[in-house]
Amino acid sequence: KAKTDPLHRIQQYEHALGEAVRQRRELAQDLRRALETGQLKMHYQPQIDLKTGDVCGYEALVRWPHPVRGLVSPAEFIPLAEANGLIGRLGDWVLETTCEEVARWPGSPKVAINLSAIQLNDPHLVGKVLQALVSTGLSPTQLEIELTETALIHDLRQSLSVLRRIKALGVSMALDDFGTGYSALETLRQFPFDKIKLDKGFTDGLSDGGRSRAVISAVVTLARNLDIPVLAEGVETADQLELLNMVGCEQAQGYLIGRPAPAENGAPPAVQDVMWRPAEPAATHYGS
Ligand code: C2E
Ligand code: MG
Ligand code: MG
Ligand code: MG
């Protein structure tokens, strides 16, 4: 009967809550140590151009192989870093390490780096980007910065100023997770982005039928009028890739093309065997 006692249940709940808080605090401590001892690693995920099938760039994604817990997801430790004053150092490390690694790769490929909302408030951010480029020799045209809508809305004027100054360096800007915020159109109207990254949710919806296709197709048209490409995130099947190409999407990224993986021997990770080739004008099917 203790189980149904409300007081007992509240105590149980409070205990669980306290435990969760304690675990979070411990993980934050571990993350602090991870930054100090160099546990973090960069992985890179290829992006392809649907017109040619060629790799057109890579997204840099941070990884934390925790000594006890194994691989912790950035979806968990990025918010933790933001809440514990660690995102500045983490972001600086990501910027420097990525530029350093990619500058050594042959063929001067493009790389996209994700920035957190808090990094946008760093008065030294633009200087740090410039410094990373200068010290590694990475060309500004090789670098793209990914921002989400929510990273921008905290202080619109400040965000716009930072974005313009980064672009003035010759670095391009991509709007990440497009379509998941509150005012995607307003964001596009106010900020001079060079690329739209359509959220995985839209890619997932493709197979459900006409509605998702109509929405993506409208985004593609909008992007064409802005003279910028659309990249579809989270592509997992060949059917999705074919449909995306049909609605005029220019670029794609996802497990089908390649999973995020570390650079090896000064070269980017290889793409998966399943590669997209655009259909010949006469052919009705590809890859068959
Ligand atoms: P994001 O920037 O939207 O990155 C895309 C996420 O989707 C990555 O998750 C990637 O591994 C995953 N993904 C790619 N293709 C597929 C697919 O086909 N299927 C599925 N299910 N997932 C796919 P990841 O690496 O776990 O990162 C999650 C989020 O954490 C990122 O979302 C980004 O917001 C943040 N993040 C990652 N690295 C960094 C970083 O270096 N700095 C900052 N500030 N944030 C980062
Ligand atoms: Mg991203
Ligand atoms: Mg994204
Ligand atoms: Mg995301």
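Here is how the numbers come out for the structure above:
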{"read-out": "Amide H contacts under 5 Å for Gly57, placed H, 5+ residues apart", "value": "Gln47"}
{"read-out": "Label zone at His124, where the point sits 7 Å out along the Cα-to-Cβ direction: region 99-113 residues whose backbone N lies under 19 Å", "value": "99-100"}
{"read-out": "Anisotropy class of the chain from Cα gyration tensor, a/c 1.5 cut", "value": "prolate"}
{"read-out": "Cα gyration tensor category, rounded, prolate or oblate, for region 131-280 with a/c compared to 1.5", "value": "oblate"}
{"read-out": "Residue with peak Gaussian network fluctuation, the chain [Cα springs, cutoff 10 Å], from Asp176, Asp49, Asp239", "value": "Asp239"}
{"read-out": "Max mean-square fluctuation residue, GNM over the chain, Cα-Cα springs under 10 Å, options Ala132, Ala168, Ala263", "value": "Ala168"}
{"read-out": "Karplus 3J(HN,Hα) series, Hz, for region 88-104 with 6.51 cos²θ - 1.76 cosθ + 1.60 (x for Gly, Pro)", "value": "x, 5, 4, x, 4, 4, 4, 4, 5, 5, 5, 4, 4, 5, 5, 4, 8"}
{"read-out": "Straight-distance crosslink candidates among aspartates and glutamates, where the alpha carbon sits under 19 Å from Lys167 and sequence neighbours closer than 8 are dropped", "value": "Glu59, Asp92, Glu96, Asp122, Glu144, Glu146, Glu149, Asp155, Asp176, Asp194, Asp227"}
{"read-out": "Kirkwood hydrodynamic radius over Cα pairs of region 162-229, then Stokes diffusion coefficient at 20 °C and 1.002 mPa s, in µm²/s", "value": "167 µm²/s"}
{"read-out": "Packing-based order for 79-88, 18-27, using average beta carbon neighbours within 10 Å, highest first", "value": "79-88, 18-27"}
{"read-out": "Label point distance in nm, Arg69-Glu264, each placed 7 Å from Cα along Cα→Cβ", "value": "2.8 nm"}
{"read-out": "Burial ordering of Cys56, Cys99, Cys249, fewest other beta-carbon atoms within 10 Å first", "value": "Cys56, Cys99, Cys249"}
{"read-out": "Angle between the chain longest axis and helix 125-136 axis [Cα atoms, degrees, rounded to 10]", "value": "60 degrees"}
{"read-out": "Whole-number percent relative contact order across the chain, with pairs defined as alpha carbons under 8 Å at least 6 apart", "value": "19 percent"}
{"read-out": "Value at 222 nm in deg cm²/dmol, rounded to 500, when DSSP H runs of n ≥ 4 in the chain each add -39,500 (n - 2.57)", "value": "-14000 deg cm²/dmol"}
{"read-out": "With Cα atoms, 0 to 90° folded angle of helix 156-168 axis to the chain main axis", "value": "50 degrees"}
{"read-out": "For region 165-193 and region 30-90, distance of Cα centres in Å", "value": "21 Å"}
{"read-out": "Folded to 0 to 90 degrees: helix 210-226 orientation relative to the chain principal axis, Cα", "value": "70 degrees"}
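Quick note: the coordinates plus some simple rules give every number you see, no bench work behind them. None of the values given here were measured: they were computed from a predicted structure. Counting neighbours? That spans all protein chains shown, and the Cβs are built from the backbone with ideal geometry, glycine included.
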